[in-house]
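Here is the structure we will look at.
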Amino acid sequence: MKLVVDTHTHTLASGHSYSTLQENAIEAGQKGIEAFAMTDHGPSMQGASTLLHFWNLKVIPEFMYGVRIIKGAEANITDYSGTIDIPEECLLRLEFVNASFHDITIEPGTVEEHTNGMINALKNPYVDTISHPGNPVFQVDIDKVVKVAGEYGKLIEINNSSFKVRKGCDSNCMEFLEKCKKYGVRITCGSDAHICYDIGRFDKLKEMLTEVDMPEELVISTSLEKIEAYLKERKASRKAMKKE
């Protein structure tokens, strides 16, 4: 399965990443990546940028070096009610929003607490996916999370860097894939690149997709057309929500 869309990348604005947006775009183009989401960390992460970073993403062109730049964020889940650290008026400006648990912004709790926080974040109309949901430090009831993602039309991210930096996540990621396949829930692929050389790196992730025999129609990272269709779907659902 060819993966050409990376929905989880970072720039210098995240504070602990080491490449510019331009460097990321050049690397992506050289690798045949058709689109990537610029998803820098939300402001509650130590060293991350302020909200002004997200307010001003409109200045970034839609394409750089032939690569579609999706303007987004990796918001931090700050409590077990699912609150995130980017306000609605700013989220409205973004094309794609990951929400994540990080143990430097929230202390790990119980499986029930993690599950509740993740589910409530997914219910936020401006959140598209949960980043690295297989992290065993924030163990969740995977079946419940995947069902809610399906119910709300959200995505489940499989995070390639987790296999290196979040020890023990393999079995959880595999279960997420199996449940997504079972319930017909779409997934997205994230490198979680903190340096340009990791943009579009999906080596371990591809192995898992093959092992699970994941239906390609459930993987939105296989073409620019698929991600653009999802983004249009996203806009339509928010317009409908405003009319209600």
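The values are calculated or read from the model by the stated rules, or taken from the named source; none is laboratory data. A quick note: this is a predicted structure, and the numbers were derived from the prediction, not measured. No Cβ is skipped: glycine too gets one built from the backbone with ideal geometry, and neighbour counts run over all protein chains shown.
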**OP:** Go through the residues of the range 191-210 one by one and say whether even a single one is over 16 Å from ASP6 (Cβ atoms) and out of contact with any Leu (no Cβ under 9 Å at 6 or more places or on another chain).
**Re:** yes
Original post:
Restricted to the range 162-189, and to residues that are touching a His at 6+ places or on another chain (Cβ under 9 Å) and in contact (Cβ under 8 Å) with a residue 40 or more places away in the chain, which residue is surrounded by the fewest Cβ atoms within 10 Å (Cβ to Cβ)?
Top reply: CYS189
Original post:
Given the structure, is LYS71 modelled with pLDDT of 95 or more, assigned to a loop (DSSP other than H, G, I, E, B) and of a type in the set (Lys, Arg)?
Top reply: no
**OP:** Please name all residue pairs, on different chains or six or more residues apart, with Cβ atoms under 7 Å, provided the first residue is in the range 45-64 and is at positive phi and the second residue is among the small types (Gly, Ala, Ser) and part of a loop (DSSP other than H, G, I, E, B).
**Re:** GLY47/GLY15
Original post:
Hey, among VAL140, VAL146, VAL185, which residue is outside any loop (DSSP other than H, G, I, E, B), among the hydrophobic types (A, V, I, L, M, F, W, C) and under 20 Å from SER100 (Cβ atoms)?
Top reply: VAL146
Original post:
In the range 92-119, what residues are surrounded by 19 or more Cβ atoms within 10 Å (Cβ to Cβ) and of a type in the set (A, V, I, L, M, F, W, C)?
Top reply: LEU94, PHE96, VAL97, ALA99, PHE101, ILE106, MET118, ILE119
**OP:** Only one of these is surrounded by fewer than 18 Cβ atoms within 10 Å (Cβ to Cβ) and more than 24 Å from PHE101 (Cβ to Cβ): GLU151, GLU225. Name it.
**Re:** GLU225
**OP:** Please find, among GLU225, GLU175, GLU217, the residue that is over 24 Å from LYS147 (Cα atoms) and among the acidic types (Asp, Glu).
**Re:** GLU225
Original post:
In the range 234-244, which residues are surrounded by fewer than 11 Cβ atoms within 10 Å (Cβ to Cβ) and either at positive phi or touching a residue at least 24 places away in the same chain (Cβ under 8 Å) (or both)?
Top reply: MET241
Original post:
Can you tell me which residue in the range 203-222 is farthest from the chain's Cα centre (by Cα), limited to those that are loosely packed, with under 11 Cβ neighbours inside 10 Å and either charged (D, E, K, R) or assigned to a strand (DSSP E or B) (or both)?
Top reply: ASP213
Subject >> the range 26-46 - residue that is polar (S, T, N, Q) and not in a helix (DSSP H, G or I) and, of those, farthest from the chain's Cα centre (by Cα) >> reply: GLN46
Subject >> Test: residue in the range 47-57 that is over 30 Å from THR110 (Cβ atoms) and under 17 Å from the mean Cα position of the chain (by Cα) >> reply: yes
Original post:
Is there a residue being in contact with a Lys or Arg (Cβ under 7 Å, 6 or more places away or on another chain), surrounded by fewer than 19 Cβ atoms within 10 Å (Cβ to Cβ) and either touching a residue at least 24 places away in the same chain (Cβ under 8 Å) or on the phi > 0 side of the Ramachandran plot (or both) anywhere in the range 11-32?
Top reply: no
Original post:
Which numbered condition trips up CYS173, out of (1) assigned to a helix (DSSP H, G or I); (2) out of contact with any helix residue (DSSP H, G or I) (no Cβ under 6 Å at 6 or more places or on another chain); (3) modelled with pLDDT under 95?
Top reply: (3)
**OP:** With the condition kept exactly as written, say whether any residue in the range 9-25 is outside any loop (DSSP other than H, G, I, E, B), of a type in the set (Phe, Trp, Tyr) and within 21 Å of ASN160 (Cβ to Cβ).
**Re:** no
